[in-house]
Structures are given as structure tokens and as C-alpha cells.
Amino acid sequence: MAREAGGPDEPGDQMSIEIANESGIDVDESLLAGLARHVLDDMRVHPLAELSVLLVDEPAMTELHVRWMGEEGPTDVLAFPMDELRLPQPGGGHGDHGSPDADAADVLLGDVVICPQVAAAQAAEADHDVQDEIDLLCTHGILHLLGYDHAEPEEHATMFGLQDRLLASWRAERDDGHAPGTHGHNARGRPEGSV
């Protein structure tokens, strides 16, 4: 399990990102934590926020998918938000979580659950790297935790546009070697029709 706390630019921050890999598939947890931090920082989420990313196998994801979504079979990503958030307005500061008091600002965003086996199948179908697909799914899940959705065309355009922008800035940071856990992966874009 990887745990990342505090940001490189703001040493007093206590943002907690926990990655637990129960999937049986080797995933670069440090790189995934770096992506999550990038997304949360870019979205101006309060620095005391906590996020959990869980990687599970297909049977576990199938069970969650049936239980919480009422749909058969495994899916690629699920998001389980915990606390209500008021998102920052464009050009504003960090998300408003109430009092500036450190204890009051501590917020558990929720859990993003990813199935690397499903991600690998989607990556093969789209002819790109599995890590790129996992990055996309993690970003997508975090955006759901922050209240974004894609049920309506306008919501879809907003969420997927934001997702594309976040992934592009992450890939630029990662490929320049400035991201934690960077291993020089080459991003080849996201698949059409993906989540």
C-alpha cells in the first residue's frame, strides 16, 4: 500500500492519498498517487483532503458493480463519495469546506475503485498503454467524487473536457520527469467511447 501525504510545494499540507492494490496486478502505486495529487491540486481541493484509491480484481469489482449499480459483470471504475463538497468557482481558491480551522477542513473525499484487468482489456482495445488507461480511470473517478457527472450532454462535455485537460497536463509533467514516480511512459491519448 502506498500512502502519500503533504505536497512538494506546500510542506505544511497534509493531503492524504492512499493507494491499496488488492488486484494481483502490478501497478505503479507511486505514479498513481502522483496523478491523484496532480488532479486534486489542479482542482484546488483543500490540502487536508483524504482520498483512497483501491485496485481490485474482476470478481471483487463484479460484486461491487452488482451491489451498488445493479449491473452484472465487472466495470472499470467506481467512485464512492463520502463528504459533500462545494467546488471552487473558476478563478477561486481551494474548495470551500467550511471553517478554515484545520480540524474542520479535514475532509474524506471518498474511494475510487479501479479494476486493472478491465483497464488492461480496454487499453488493448484502444491500442494504448495500460498505465494511461488506469490514469484515465483514476482521473475520471476523482472527478465523480468532486461532483462531476456525464449523464446529460452538457455535463458530459464539461466532465470529459476537464478530464482531457487534467490528463494532458499530467502527461506533460510526467513526461518531463517532474512527476513523483515518473518512469518515462509515453502517453498515447484516451480511447473513444471510454468512461
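Just so you know, all these numbers are worked out from the coordinates, no wet-lab data involved. A quick note: this is a predicted structure, and the numbers were derived from the prediction, not measured. For neighbour counting, all protein chains shown are included, and Cβ atoms are generated from backbone atoms with ideal geometry for every residue, glycine included.
The table for this structure:
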quantity: 5 angstrom amide H check on V45, placed H, neighbours 5+ away; calculated: G95
quantity: R0 of 22 Å, Cβ-Cβ distance A172-D129: FRET efficiency to nearest 0.05; calculated: 0.90
quantity: Computed label-point distance, nm, for sites R165 and D57 using a 7 Å Cα→Cβ extension; calculated: 4.0
quantity: Calculated from backbone phi, Karplus (6.51, -1.76, 1.60) coupling profile of the stretch 60-75 in Hz, x at Gly/Pro; calculated: 5, 5, 4, 4, 5, 5, 5, 5, 9, 10, x, 10, 6, x, x, 10
quantity: Length released on extending from R44 to D149, taking residue separation times 0.36 nm less the Cα-Cα span; calculated: 36.0 nm
quantity: Interchain or long-range residues, amide H under 5 Å from V107's placed H; calculated: A49, E50
quantity: Integer Hz, Karplus 6.51/-1.76/1.60 couplings in order for the stretch 28-33, x for Gly and Pro; calculated: 6, 5, 5, 5, 5, 5
quantity: Estimated inter-spin distance, D26 and E71, nm [label 7 Å along Cα→Cβ]; calculated: 3.2
